[in-house]
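What follows is a single structure, and I will ask about it in a moment.
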Amino acid sequence: MNRPKPTSLGAGQDTADRVRELLSRMTLAEKIGQMCLAEGGHDHPPAVLGDDLRNGSIGAVLNVVDVEIVNELQRIAVEESRLGIPLLVGRDVIHGFKTVLPIPLGLAATWNPDLAREGARVAALEAAKAGVNWTFAPMIDVSRDPRWGRIAESFGECEYLTSVMGRASIEGFQGDRLTDTGSIAACAKHFIGYGAVESGRDYATTNIPDTELRNVYLRPFRAAAEVGVGSFMTSFSDLNGVPGTGNRYILSDVLRDELGYGGFVVSDWDSVRQLKIHGLTENDRESAYTAVTAGVDIEMAGDAFGNHLLDLVEQGRVGEAQIDTAVGRILSIKFQLGLFENPYTDPGHLPEMASNRALNTARDAALQSIVLLKNEGGALPLAMDRLRSLAVIGPLADEAYEQLGTWVFDGDPGLSVTPLQAIRDVVGDRVELRYVRAMANSRSRVGDEFDEAEKVAGAADAVLLFLGEESILSGEAHCRADISLPGDQVELVRRMRLTGKPIIAVMLAGRPLTLSNIVDDVDAILFAWHPGTMGGPAIADLLFGREVPSGKLPATFPRIVGQIPIYYSQKNGGKPPSTETVVFIDDIDAYAPQTSLGMSAFHLDTHFTPLFPFGHGLSYTEFDYKDVRASAEEIHPGGTITVSAELCNRGDREAEEIVQLYTRDVAASITRPVRELKGFRRVRLGPGETTTVCFELNSDDLSFYGQDGKRTVEPGLFHAWIGGSSDADCRTRFRIVA
Ligand code: GLC
């Protein structure tokens with residue numbers, strides 16, 4: 001497409017010079033226009049937005065993904081406005097675009113940052129082909145409450161794993177250079193603490209002490225700032241009484257002064273005007289004032305900035321220097337993206353949608369995301385030579401759209417290969433395959449097909465039971481107070497159990513579920529999250545042993561919802577539970593005096609451990625860990641130490657294990673978690689092979705933020721574990737000495 005080059009403002013000059021030069025030519029109204037992000041999802045955006053673009057009162061649009069329309073919007077902005085400033089074009093490209101990868105919680109279960117980077121890259125290439133140059137991803141909110149629908153969109157409960165996966169995603173979206181074809185600006189969201197909403201209810205209040213804020217919720221955002229993420233997005237939620245969008249402490253003191261971040265900050269959808277609803281301001285004018293002085297540079301899908309900032313500056317309440325700082329950050333990313341030189345998208349310069357690279361990446365990601373939670377009696381893998389007939393039962397075996405998961409605005413279910421299709425492809429005519437849906441959907445009550453399902457299952461050699469949640473049961477504003485299997489799925493499991501056949505449950509869901517009420521009734525559980533476009537082939541490859549499961553949980557699976565919050569890196573407390581100290585409700589008569597003696601932190605009606613812990617995931621082989629050791633008994637601050645273990649594959653299958661390193665700071669100026677993930681590595685071993693896995697730790701890796709808000713490395717005793725889960729018991733110790 002040879003459109004005339006827009007006014008070049010001296011391409012090649014240092015970006016800062018170019019920003020200064022352009023700012024010097026802008027009117028106050030044009031500057032404020034750059035701070036406004038308009039929703040473009042109308043019938044015909046150029047007709048609706050054209051005048052605003054011509055007079056420079058919009059600097060960015062979102063939710064326009066027709067490349068011709070995007071180019072028309074850019075043309076109006078570049079060729080029909082006074083200064084020809086191109087637009088940012090934003091979209092939620094969260095886990096794929098047309099080709100959909102597993103939901104981020106599933107991607108986290110791969111513990112594979114290279115895959116996260118490649119997944120973000122293929123997503124960026126597809127989105128850029130549609131004209132998108134800015135994604136509202138990655139979401140790096142540490143999420144420890146599976147009732148929260150947006151845990152699906154997160155990388156789970158661990159700040160370390162979230163930091164690693166978030167950094168890799170940003171690298172994938174932004175590429176080596178933002179000017180590269182297919183590179184799009186990323187957005188670290190939601191700043192900050194959104195994952196800690198009370199009772200897992202979306203948009204609710206969060207109360208996070210400063211040490212917890214720095215040691216947990218801030219770590220992924222610090223990593224994102226360090227890797228050069230193009231933007232940050234504020235959180236809807238109220239943080240300690242001040243909503244993220246109006247919170248000067250986190251948007252200026254922490255983000256700018258402490259992290260030194262130089263990119264721009266966008267509000268969440270209309271969250272500037274929501275400051276009034278929160279009760280932080282009385283009206284939109286005050287909301288605009290509060291947000292812009294707190295540090296918000298662009299208002300998403302609201303008109304507080306457009307209606308009030310000019311007056312606020314002319315009245316002297318907001319300094320024009322503040323506006324220049326905000327607009328400077330916005331212009332800077334536009335220069336870095338090369339938009340002044342190339343504002344238009346030529347889709348012919350980008351790969352086709354659903355390229356082999358995209359589909360292969362989606363399949364690899366799905367394969368590595370699936371977690372084998374349970375496998376008894378050798379139920380898996382299925383041995384084709386011993387199978388005459390298979391029953392496939394359940395409402396989620398053949399749902400091309402549902403397997404994509406939440407946040408798939410542009411996903412194409414027509415590309416999906418469902419589990420049922422993939423299983424059919426594998427077995428062909430060698431095995432008789434009978435499929436009974438049994439339920440209209442996951443929330444259905446006892447379906448009239450339960451009898452049919454029981455009959456078909458009873459006649460088969462094995463039962464593949466596809467259960468879980470549809471995509472609508474997780475994601476933004478889709479939270480659940482009860483996270484057990486919806487509808488009458490538990491009854492369906494019971495009916496399958498009555499057949500006496502081997503039952504393999506395959507779960508599709510956007511969150512950890514409480515499975516205590518079915519875990520003993522099935523022989524194996526493959527937890528597939530929402531595995532995306534290629535979820536079917538990945539599930540089939542694992543079911544029939546063509547591939548070996550390697551996924552590990554990025555979030556704890558509670559026994560019952562009442563255990564929440566329950567996560568691996570909890571504090572020990574002064575009376576931690578142990579099997580000797582707990583009393584159960586059904587033996588309450590035995591011994592339950594109202595006394596604190598010998599009592600500890602437990603619930604009477606459930607065991608104090610989770611059903612499946614963070615980091616858990618089985619294989620088709622057995623991995624043994626032994627001889628965990630530290631390279632020294634003592635290190636000094638600034639020193640390093642190597643923690644190693646011997647890993648043996650004592651089974652008969654070649655397989656990959658995600659080896660995990662955890663530490664505990666046994667005594668410090670503030671109490672520290674009983675375990676903290678400090679490293680992990682994917683190791684492939686053949687049958688009988690042994691290797692030594694080493695992790696190097698420097699004292700900085702063992703630092704934390706103390707009461708004074710400063711990062712510190714304190715002398716003291718550390719424990720270290722290496723294993724295949726957060727409940728690994730192979731432990732060594734070392735000491736930091738002053
Ligand atoms: C939302 C979400 C945010 C998303 C934005 C644009 O409400 O909170 O994550 O990027 O709107 O769709």
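The values are calculated or read from the model by the stated rules, or taken from the named source; none is laboratory data. Remember, predicted model here, so these are calculated numbers, not experimental data. All Cβ positions, glycine included, derive from the backbone under ideal geometry; neighbour counts span all protein chains shown.
Is there any pair linking a residue in the range 290-304 that is over 11 Å from residue 35 (Cβ atoms) to one that is assigned to a helix (DSSP H, G or I) and more than 12 Å from the ligand (Cβ to nearest atom), with Cβ under 6 Å and at least six apart or on different chains, and which?
Matching pairs, first to second residue: 290/246; 290/275; 294/246; 294/248; 294/251; 295/251; 295/252.
Something else: Looking at the range 252-271, which of its residues are of a type in the set (A, V, I, L, M, F, W, C), within 17 Å of residue 293 (Cα to Cα) and either free of Cβ contacts under 8 Å to residues at least 24 places away in the same chain or touching a strand residue (DSSP E or B) at 6+ places or on another chain (Cβ under 6 Å) (or both)? Before you say what the answer is, go through the steps one by one.
We begin by selecting, within the range 252-271, every residue of a type in the set (A, V, I, L, M, F, W, C); these are 254-255, 259, 264-266, 269.
The next check asks that each one be within 17 Å of residue 293 (Cα to Cα); those that pass are 254-255, 264-266.
264, 265, 266, listed by residue number.
Same structure, new question: Given the conditions (1) within 16 Å of the ligand (Cβ to nearest atom); (2) over 19 Å from residue 143 (Cβ atoms); (3) touching a Lys or Arg at 6+ places or on another chain (Cβ under 7 Å), report the number of the one that residue 283 does not fulfil.
(1)
Moving on. Regarding the range 70-88, can at least one residue be identified that is under 30 Å from residue 364 (Cα atoms) and outside any loop (DSSP other than H, G, I, E, B)? Walk me through how you get there before you give the answer.
Taking the range 70-88 as the starting set, the residues that turn out to be under 30 Å from residue 364 (Cα atoms) are none.
The answer is no; no qualifying residue exists.
Being within 16 Å of the ligand (Cβ to nearest atom) and of a type in the set (Lys, Arg) is the filter here; which residues of the range 100-155 pass it?
Of everything in the range 100-155, just one residue is within 16 Å of the ligand (Cβ to nearest atom) and of a type in the set (Lys, Arg), namely 150.
Is there a residue in the range 217-231 that is part of a loop (DSSP other than H, G, I, E, B), on the phi < 0 side of the Ramachandran plot, more than 15 Å from the ligand (Cβ to nearest atom) and surrounded by fewer than 24 Cβ atoms within 10 Å (Cβ to Cβ)?
Residues of the range 217-231 that are part of a loop (DSSP other than H, G, I, E, B), as a first pass: 218, 227-230.
After this cut, where a residue has to be on the phi < 0 side of the Ramachandran plot as well, the list is 218, 227, 229-230.
Remaining after also requiring more than 15 Å from the ligand (Cβ to nearest atom): 218, 227.
Pick out the ones that are also surrounded by fewer than 24 Cβ atoms within 10 Å (Cβ to Cβ) and you get 227.
Yes.
Also: Specify which of the listed residues (561, 548, 506) is of a type in the set (A, V, I, L, M), surrounded by fewer than 24 Cβ atoms within 10 Å (Cβ to Cβ) and closer than 30 Å to residue 654 by Cα.
Working: 561 fails: closer than 30 Å to residue 654 by Cα; 506 fails: surrounded by fewer than 24 Cβ atoms within 10 Å (Cβ to Cβ).
Testing whether each residue is of a type in the set (A, V, I, L, M), surrounded by fewer than 24 Cβ atoms within 10 Å (Cβ to Cβ) and closer than 30 Å to residue 654 by Cα leaves just 548.
Are there helices (runs of 4 or more DSSP H) fully within the range 95-191 with at least 1 residues that are under 25 Å from residue 73 (Cβ atoms) and modelled with pLDDT of 95 or more? List them. Don't jump to the end; show me each part of the working.
Values: elements: 104-108, 113-129, 159-174.
Answer list for the range 95-191: 113-129, 159-174.
For the structure I just gave you, tell me whether residue 86 is in contact with a Pro (Cβ under 8 Å, 6 or more places away or on another chain), of a type outside the set (Asp, Glu) and within 30 Å of residue 616 (Cα to Cα).
Considered against the rule, which asks whether it is in contact with a Pro (Cβ under 8 Å, 6 or more places away or on another chain), of a type outside the set (Asp, Glu) and within 30 Å of residue 616 (Cα to Cα), residue 86 comes out as no.
Go through 516, 550 for me and flag whichever is under 25 Å from residue 657 (Cβ atoms) and polar (S, T, N, Q). Before you say what the answer is, go through the steps one by one.
Numbers: 516 fails: under 25 Å from residue 657 (Cβ atoms).
Going through 516, 550 in turn, just one is under 25 Å from residue 657 (Cβ atoms) and polar (S, T, N, Q): 550.
Could you check the range 238-275 and list, in sequence order, the residues that are part of a loop (DSSP other than H, G, I, E, B) and more than 15 Å from the ligand (Cβ to nearest atom)? Show your work before the answer.
From the range 238-275, those part of a loop (DSSP other than H, G, I, E, B) are 240-241, 247, 259-263, 267-273; that's our starting set.
240, 241, 247, 259, 260, 261, 262, 263 - these are the residues of the range 238-275 that are part of a loop (DSSP other than H, G, I, E, B) and more than 15 Å from the ligand (Cβ to nearest atom).
Okay, residues lined up against (1) surrounded by 24 or more Cβ atoms within 10 Å (Cβ to Cβ); (2) touching a residue at least 40 places away in the same chain (Cβ under 8 Å); (3) assigned to a helix (DSSP H, G or I); (4) in contact with a strand residue (DSSP E or B) (Cβ under 6 Å, 6 or more places away or on another chain):
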position: 414; (1), (2), (3), (4): no, no, yes, no
position: 429; (1), (2), (3), (4): no, no, no, no
position: 438; (1), (2), (3), (4): yes, yes, no, yes
position: 443; (1), (2), (3), (4): no, yes, no, no
position: 446; (1), (2), (3), (4): no, yes, no, no
position: 467; (1), (2), (3), (4): yes, yes, no, yes
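Could you list, in sequence order, all residues of the range 714-729 that are in contact with a helix residue (DSSP H, G or I) (Cβ under 9 Å, 6 or more places away or on another chain) and crowded, with 20+ Cβ neighbours inside 10 Å? Before you say what the answer is, go through the steps one by one.
Start the filter on the range 714-729 by keeping residues that are in contact with a helix residue (DSSP H, G or I) (Cβ under 9 Å, 6 or more places away or on another chain), which leaves 714, 718.
718, the sole residue that qualifies.
Select from the range 42-69 the residues that are modelled with pLDDT of 95 or more, assigned to a loop (DSSP other than H, G, I, E, B) and closer than 22 Å to residue 409 by Cα and write down the one among them that is farthest from the chain's Cα centre (by Cα). Working first, answer last.
Kept after step one, since they are modelled with pLDDT of 95 or more, are these residues of the range 42-69: 49-69.
Next, from what is left, pick out any that are assigned to a loop (DSSP other than H, G, I, E, B): 55-59, 63-66.
Pick out the ones that are also closer than 22 Å to residue 409 by Cα and you get 63-66.
Numbers: 63: 21, 64: 24, 65: 23, 66: 27 Å.
Within the range 42-69, the match that is farthest from the chain's Cα centre (by Cα) is 66.
Contact list please: Cβ distance under 6 Å, first residue in the range 615-638 and on the phi > 0 side of the Ramachandran plot, second residue at pLDDT below 95, pairs at least six apart or on different chains.
638/699
Let me ask you something else. Residue by residue through the range 430-481, note down the ones that are small (Gly, Ala, Ser) and within 33 Å of the chain's Cα centre (by Cα). Break it down into steps so the answer makes sense when it comes.
Taking the range 430-481 first, the residues small (Gly, Ala, Ser) are 438, 440, 442, 444, 447, 453, 457-460, 462, 468, 471, 474-475, 477, 481.
Residues satisfying the conditions are 438, 440, 442, 444, 468, 471, 474, 475, 477, 481.
Right, something else. Looking for something away from the ligand (no atom under 14 Å from the Cβ), touching a Pro at 6+ places or on another chain (Cβ under 7 Å), acidic (Asp, Glu) and assigned by TED's automatic domain parsing to the domain that holds residue 107 - is there at least one such residue anywhere in the range 203-211?
Keep residues of the range 203-211 that are away from the ligand (no atom under 14 Å from the Cβ), which gives 205-211.
Okay, now just the ones that are also touching a Pro at 6+ places or on another chain (Cβ under 7 Å), so none.
No: zero hits.
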